[in-house]
1. Taking the solvent-accessible surface of protein heavy atoms with a 1.4 Å probe, what is the per residue accessible area of the chain in Å²?
2. Can you give me the angle between helix 400-416 and the longest principal axis of the chain, using Cα atoms only, in degrees from 0 to 90, rounded to the nearest 10?
3. Leaving out ligands, DNA and RNA, what percent of the accessible area of the stretch 1-60 is carbon and sulfur, probe 1.4 Å?
4. Where does each of Trp27, Trp8 land when they are ordered by accessible area, with a 1.4 Å probe and the largest first?
5. What FRET efficiency, computed as 1/(1 + (r/R0)^6) with R0 = 51 Å and r the Cβ-Cβ distance, is obtained for Glu56 and Leu404, rounded to the nearest 0.05?
6. Which residue fluctuates the most in the chain, going by a Gaussian network model with Cα springs under 10 Å, if the choices are Gln383, Gln13, Gln211?
7. How big, on average over all directions, is the shadow cast by the Cα convex hull of the stretch 113-253, in nm²?
8. Using square roots of five times the C-alpha gyration tensor eigenvalues, list the equivalent-ellipsoid semi-axes of the chain in whole Å, biggest first.
Amino acid sequence: MNSLEDIWKMLMQSLSSQLTPTALSTWFNDCRPVELEEYRLVIRTTTQFKKKIISERFAPAIKASLSDLFSSDFELLILVGEEEYLKDEDIREDDPLPEMAGYTFDNFIVGNSNKFAHAAAKSVAENPGKTYNPLFIFGNSGLGKTHLLMAIGHDIHESYPKKNILYIKGDDFTNEMVKAIREGKTLEFRAKYRNVDLFLVDDIQFIAGKQSTQEEFFHTFNSIYEAGNQIVITSDRPPKEMSLLDDRLRTRFEGGLMADIAPPDLETRMAIARNKATRLGLLLPDEIIEYIASKITANVRQLEGVIKRLTAYKEILNDEITRASVDRAIEDVTRNGTDIPNPDNIIRETAKYYSLKPEDLKGNNRSRDTAMARHIAIYLMRQLTNLSLNDIGRELGRNHTTALNSIRRIEDLMKNDSEMTGIIRDITSNITTSSGSV
Ligand code: ADP
Ligand code: MG
């Protein structure tokens, strides 16, 4: 049982309840099943006209029967005559964004905080190179920038499988370029980057400040843009707040469409939590969903982490899901589940680097080292957390203007002083490897 022929027979049988025998033989007599793939049934008929009728009138019923049979959704691919097709698994191997299969528009929950970015991304996916170019999506960590970037890639790959899509992280661009220079392969490097139809650049903030990288990126950008191809960029902040960004690049970025993503409101957080739970096969009472959404406010990645842990508790420990298990999951996620450090930890590590105490940074001592450590702690809170300038200032008993000045100060220093860049890198790595990450 369950050979392709058997399945086909069953499908025909279930169609026969909706069709007269004459109709059934008219449309399906010379239609043969070709292959049943993981997510797709491939069939072959003889004429375009029959294909059209089958796809318009019978495809839904065929898909519904398949989904009854296998409890999972199937596509239907209808070939005509000798037409060849690309096997599903080959398409998958070919997928330019394989590891991000779940980052689709379908899986993205739209709320007030992200609807503009979502609409812009949709529009770009529908008309690459035509509407908004570049599209620049910015917002704090964990709010869905990479998700939208990938969704654009998936959509375009589906509508135009031949388009050359390139996804790169800002820091990988830098690393690759440095490597190419070292190995004398800059021509290959350029060819690779200038010959793309869709250029997806994730976390561009990492190229700011690196002069030769920015220079190369500028030329890459121009050649893709001038060829009428689409560029989508994400960043943790808008171009005007990237003080180390080359002005020419800033102008380029701002010449497209800016779309920001803010933290989701309660309603959207609940919708996201519910959606993630459903997709993991976890049924959660509304009260629990609301509780989770009220506790995790600033980061969708954490929201997702809590749901994943609850699923694990349920599967592994066979636990009932209660407020207590939710609290445990939240604690787990906020202790070591993500890459967002907490402010105390940033202040502590920065102070330690200068052999100071956290209280020194919070107080009014103006010695050179104390002042510098304070600037750095503020700068790092801006870099590493979702806190607003006001909140950052408050952590150290300062206001938001002071916080902004500190950030500028450090950015200026980093521009002219590789020692400062090194210090920042060291402290950051101390923070992210120490235990206090949220
Ligand atoms: P960013 O790139 O902004 O740091 P990501 O795109 O990596 O954030 O999102 C973090 C996680 O949260 C991902 O798993 C993503 O799928 C999920 N996520 C973010 N926003 C949404 C949303 N609106 N709907 C569903 N999932 C989301
Ligand atoms: Mg990201």
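1. 51 Å²
2. 90 degrees
3. Within the stretch 1-60, the accessible surface is 55 percent carbon and sulfur.
4. Trp27, Trp8
5. With a Förster radius of 51 Å, E is 0.30.
6. Gln13
7. The number I arrive at for the stretch 113-253 is 8.0 nm².
8. The three semi-axes for the chain are 49, 30, 17 Å.
The values are calculated or read from the model by the stated rules, or taken from the named source; none is laboratory data. Computed from a predicted structure; not experimentally measured. As a convention, Cβ positions derive from the backbone with ideal geometry for all residues, glycine included, and neighbour counts pool all protein chains shown. Accessible surface is based on the protein model in full, side chains and every heavy atom, while ligands, DNA and RNA are left aside. Shrake-Rupley method; radii C 1.70, N 1.55, O 1.52, S 1.80 Å.
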